[in-house]
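What follows is a single structure, written as structure tokens, with notes after it.
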Amino acid sequence: MSRFEVAGASLATEPPEPTLAERGFEYARAFQNRVVEWIHDGVVPVAVVRAPTGAGKTATFYELIDEREMTLLVYPTNALLRQQRERFEDEGIAASVLSGNTLDGHGHQRTESLLQYVNKYAADHEVVLTNPDILQAAIQAMYRGGEPMRFFNKFDAIVYDEFHFYSALAASGLLLQTKILAERHSDPKILLASATPNEDFVDFLRNRVGLEVYDIDAKYVEDGDQFRQSVEVIRHEERKILDQREEIATALCDEIESAGKYDEPHAVVVFNSAKDSNEFHQFLHDEYPTVFEHTVKDNGFDTNDESINLDDEEFYVLNTTSKGEVGLDYDVTTQYMESPRSASAFLQRFGRAGRESEATVHIYGLGQGPWGDPVDFPTFVSQIYDGLEATEMDHDWLADLVGFRAAYAMAVRADRSGWFNEELREDFERNVERYDRWRGFIAKIEQEIDAIRDGFNPGKYQKNNSEAKLLRFTKHCFQAFQGLRGQSLSASIKYPRGDRLGVTTYDLTTTLRHYDIASVEDDEVLVLKPLDEDALFPVTARLPEYETEPTQYDKPTNEIEELLQTKIHRQIEQAELNTDFEVSIDLLHRFFYIIQITNSVVPSRITTANYEINIDSDRNGPPTIDVSPRSYE
């Protein structure tokens, strides 16, 4: 264990721009003035604000909302949508939330619901808060007809807050959204904001999409406006919080007893996995009831638990995961955090403490480094970037992902109607450098699938030979691009969360890596129990076209992905031996290199020790499951 101090930090200030002064600013942080100047006088369509957590980025959004008739604010999670709506309403700004739960029906009905929503709230509200999944669904033709793209005409000002949050697949969607928004308006204002921005994303917009980008950086100074207090850092040799659960619970118990009031959180415990977060919550319930009484858990398992609403809770300790990396605006004075893999995620977590008061942060799994001497905050940030993984997204990788998204959006529309207008063509073809490559690839896959023998119809492939399976599996993986973040298999579950069984929806393949199915209730609700590490039967999954070759699915995701990638590239090499196979072998290899198979295709069957789960993902809407007891006869 080692201790050191990270000093507080201050930002440069200036006399406020007139509009900020009218809103009561006695002074402005320099970057806030630059944002206001860009909003009123800038001619560059995209601005990137790089400002640390707690620096006041959100305050600049108000200026954009006041300046434009209707602004769209995009947040990565629905929890942030709700939180930010309350913040805007407290400031007297009429805000409305648009999420998947807001819309009704499927197909054309959902399209009408989307457009009616915008038309209705545009008259009565100043800002609409949404997630990027809604915008991507319109792009990828998940809403039927050509009308959903009219959504992009409704807003000429948009903010992507916390835009560092996204994986490469999701980032490719945001890049396409930004391109479309910029090209559909004569004077767009697109603001990208983050404390830890993804510079590859910004460089791609500038160098590969061809959009001008205005850089706005917060400047650290010694004698400016202090936005962070000093933080004592305690680095533990243990890698996981659970390794010191007793010591942590005891310390929290002492802190709670001396606090006096418990109506807002001052202590946060941040895990790397929802499974460990759940286990800690159960541990507090069983062993430390005083701490449990004043603790709320909010990780991915709780996102869809209707009984969980942090706004209605009074608590002192927050138990969370990466879900808590963004949007925590509490006065955190004590924090226990596991070190994530990326520098960006680390700084987001660390930045939640010390915003208002001096704080102590316990870090697990940080490893060796230049730790021990007192350091100023900017230097500490640099040390973390040097010591942890950077979030790197190769430009060629992004170009292929963006190109495939655009090509697939047009292919789906062409398959449905055979026609699209020039505006759509410009949305998806103009300034998308690898569009033609992937449009031709998709067409060739479809053409070769049509050459599979069906009944008495002639064809060059037998229905069940390896080439036919490879073609159909590849087309299944196209579905990763239907949404923003890939495919997932959600299931209704009940899981042990301490004093009761939590009821929620969560990704089933992830869940079964840590939990076993104890029983099945009506409507296919799975009741879970902790996984027996000595269980004799592993969880296996069969992917479409791999029915005779199940894959063990209770391993870490990266291990499953590595195994699936090995299998698929071996099968592609075998297809190359067939001289009648007309799909480009190089593009097939490239397609599977740029996607993650575990994020692209839903299993057709999952087998656990006692249950067999069949999955139907061929119908419109999300996949459905059918669970039955496993027979050993």
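The values are calculated or read from the model by the stated rules, or taken from the named source; none is laboratory data. Here the structure is a predicted model, which is why all the values come from computation and not from measurement. Using ideal geometry, Cβ is built from the backbone for each residue, glycine included, and neighbour counts are taken over all protein chains shown.
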| Residue, farthest from Arg341 (Cα to Cα), within the range 269-294, restricted to residues that are of a type in the set (Phe, Trp, Tyr), in contact with a helix residue (DSSP H, G or I) (Cβ under 6 Å, 6 or more places away or on another chain) and in a helix (DSSP H, G or I) | Phe292
| Candidates Arg235, Arg239 - the one that is under 25 Å from Arg352 (Cβ atoms), in the same structural domain as Glu338 (by TED's automatic domain parsing), assigned to a loop (DSSP other than H, G, I, E, B) and not hydrophobic (A, V, I, L, M, F, W, C) | Arg239
| query | Which of the residues belonging to the range 516-554 are surrounded by 15 or more Cβ atoms within 10 Å (Cβ to Cβ), aromatic (Phe, Trp, Tyr) and at pLDDT below 90? | reply | Tyr546
| Glu325 vs. criteria surrounded by fewer than 18 Cβ atoms within 10 Å (Cβ to Cβ), touching a residue at least 40 places away in the same chain (Cβ under 8 Å) and under 30 Å from Thr505 (Cβ atoms) | no
| message | Given the criteria in the same structural domain as Phe165 (by TED's automatic domain parsing), crowded, with 17+ Cβ neighbours inside 10 Å, more than 27 Å from Ile308 (Cβ to Cβ) and modelled with pLDDT of 80 or more, does Tyr75 qualify? | response | no
| request: Any residue in the range 532-561 that's at positive phi: show its pairings with residues that are outside any helix (DSSP H, G or I) at Cβ separation under 9 Å, as long as the two are six or more apart or on different chains. | output: Glu545/Ser604
| note | The lone condition Thr196 fails out of (1) modelled with pLDDT of 90 or more; (2) within 22 Å of the chain's Cα centre (by Cα); (3) farther than 24 Å from Ala345 by Cα is (3)
| said: Could you list, ordered by first residue, the pairs with Cβ atoms under 6 Å in which the first is in the range 265-292 and over 22 Å from Leu328 (Cα atoms) and touching a residue at least 12 places away in the same chain (Cβ under 8 Å) and the second is charged (D, E, K, R) and assigned to a helix (DSSP H, G or I), at least 6 apart or interchain? | reply: Phe283/Arg245
| request: Would you confirm whether any residue within the range 425-438 is in a helix (DSSP H, G or I) and over 30 Å from Asn153 (Cα atoms)? | output: no
| query | Looking at (1) of a type in the set (Val, Ile, Thr); (2) within 28 Å of Val296 (Cα to Cα); (3) crowded, with 19+ Cβ neighbours inside 10 Å, which is the one condition that is false for Ile560? | reply | (2)
| query | Do we have Thr334 as out of contact with any helix residue (DSSP H, G or I) (no Cβ under 7 Å at 6 or more places or on another chain) and polar (S, T, N, Q) here? | reply | no
| message | So, Asn33, is that one in contact with a strand residue (DSSP E or B) (Cβ under 6 Å, 6 or more places away or on another chain), assigned by TED's automatic domain parsing to the domain that holds Thr102, under 29 Å from Ala343 (Cα atoms) and surrounded by fewer than 22 Cβ atoms within 10 Å (Cβ to Cβ) or not? | response | yes
| message | Only one of Tyr262, Tyr336 is more than 25 Å from the chain's Cα centre (by Cα) and farther than 17 Å from Ala79 by Cβ. Can you tell me which? | response | Tyr262
| note | Gly459 passes all but one of the listed conditions (1) of a type outside the set (Lys, Arg); (2) part of a helix (DSSP H, G or I); (3) in the same structural domain as Glu429 (by TED's automatic domain parsing); the exception is number (2)
| field | Residue that is farthest from Ala218 (Cα to Cα), among those in the range 1-20 that are under 34 Å from the mean Cα position of the chain (by Cα) and charged (D, E, K, R) | value | Arg3
| Looking only at the range 88-127, which residues are touching a Ser or Thr at 6+ places or on another chain (Cβ under 7 Å), surrounded by fewer than 17 Cβ atoms within 10 Å (Cβ to Cβ) and at pLDDT 75 or above? | Ser99
| field | Members of the range 563-589 found to be under 28 Å from Asp532 (Cβ atoms) and surrounded by fewer than 17 Cβ atoms within 10 Å (Cβ to Cβ), listed by number | value | Leu563
| request: Kindly establish whether Tyr408 is at pLDDT 95 or above, touching an Asp or Glu at 6+ places or on another chain (Cβ under 8 Å) and buried (at least 21 other Cβ atoms within 10 Å of the Cβ). | output: no
